[in-house]
Amino acid sequence: MEIFAQAYAYAVEHSGEVLTALGEHLRLVLVPLAIGLAIGLPLGLWSARSRLASTVLINSFNALRVVPSLAILFLAIPYFGLSFQSAAIALTLLVMPPILINTDVAFRSIDPMIREAAYGMGMTGQQVLRLVEIPLALPVVIAGVKTAIVEVIASATLAAFIGAGGLGTFIVRGFSLYDNAILLVGAIPVALMALLAEVGLGSLQRFLQPPK
């Protein structure tokens with residue numbers, strides 16, 4: 001327990017720096033997540049509608065999943081330098097696969113008979129998408145978003161390696177100074193954010209799940 005007391009004392013003493021790092025970390029999470037949703041959801045829907053698009057997109061983004069985030073981060077440095085942009089690009093590429101793939105699976109797994117019934121009732125294509133397909137697909141899509149946000153919260157700590165800030169700054173500092181208390185100042189908030197995202201989105205997913 002002493003190490004937690006030391007971490008708390010350090011966080012209080014450097015409260016301004018901790019709050020700044022927290023804000024930077026949230027920015028590193030929210031910007032890539034917003035971009036990933038804006039691009040991944042439409043691509044996932046397109047992939048579910050087109051066999052060719054599915055083959056190209058799913059294979060391409062599955063390939064991205066095997067590339068370590070740190071490797072993507074350092075590949076972006078020659079073009080964007082040691083900056084927020086480099087970190088945002090790497091983290092956006094990290095969040096894209098689970099969002100796109102889950103969106104593809106969600107819409108592809110909808111029973112075609114449900115669509116046919118909706119069309120038979122006189123609904124237009126837009127109405128079927130908005131009133132039938134999206135509500136049915138949403139739980140699986142939320143599962144992909146949950147995976148993406150938990151991964152990006154954890155991986156945003158790597159931005160500290162290129163000077164982009166975030167809570168990873170304290171983790172890097174703790175490693176360099178061999179001080180576990182400083183390391184915990186960064187690690188504990190990251191773990192709590194990931195846990196809150198997991199629990200919150202998991203609850204939302206269960207709430208949206210249609211009754212069997």
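With the simple spin-label model, which puts each label point 7 Å out from Cα in the Cβ direction, the residue 56 to residue 2 separation comes to 6.2 nm.
For a test of the definition: using alpha carbon positions, the gyration tensor, and the 1.5 limit on a/c, classify the range 103-212 as rounded, prolate or oblate. Because a/c hits 1.5 or more and a/b exceeds b/c, the range 103-212 counts as prolate.
Computed on the chain, with alpha-carbon pairs under 8 angstrom and 6+ residues apart, the relative contact order is 26 percent. Could you give the distance between the Cα centres of the range 1-68 and the range 151-179, to the whole Å? Between the Cα centre of the range 1-68 and that of the range 151-179, the gap is 14 Å. The relative contact order of the range 143-212 comes to 32 percent, based on Cα pairs under 8 Å that sit 6 or more residues apart.
Put simply, when 30-43, 85-98 are sorted by average Cβ atoms within 10 angstrom per residue, most first, you get 85-98, 30-43.
What FRET efficiency would be calculated for the residue pair residue 178, residue 77, taking the C-beta separation as r and a Förster radius of 25 Å, to the nearest 0.05? The formula returns an efficiency of 0.40 here.
By the equivalent-ellipsoid construction on the alpha carbon gyration tensor, the chain comes out with semi-axes of 39, 20, 12 Å, ordered largest to smallest.
Coordinate-derived values only; no laboratory data. Please read these numbers as outputs of a predicted model, since none were measured by experiment. All Cβ positions, even for glycine, are placed from backbone atoms using ideal geometry, and neighbour counts span all protein chains on display.
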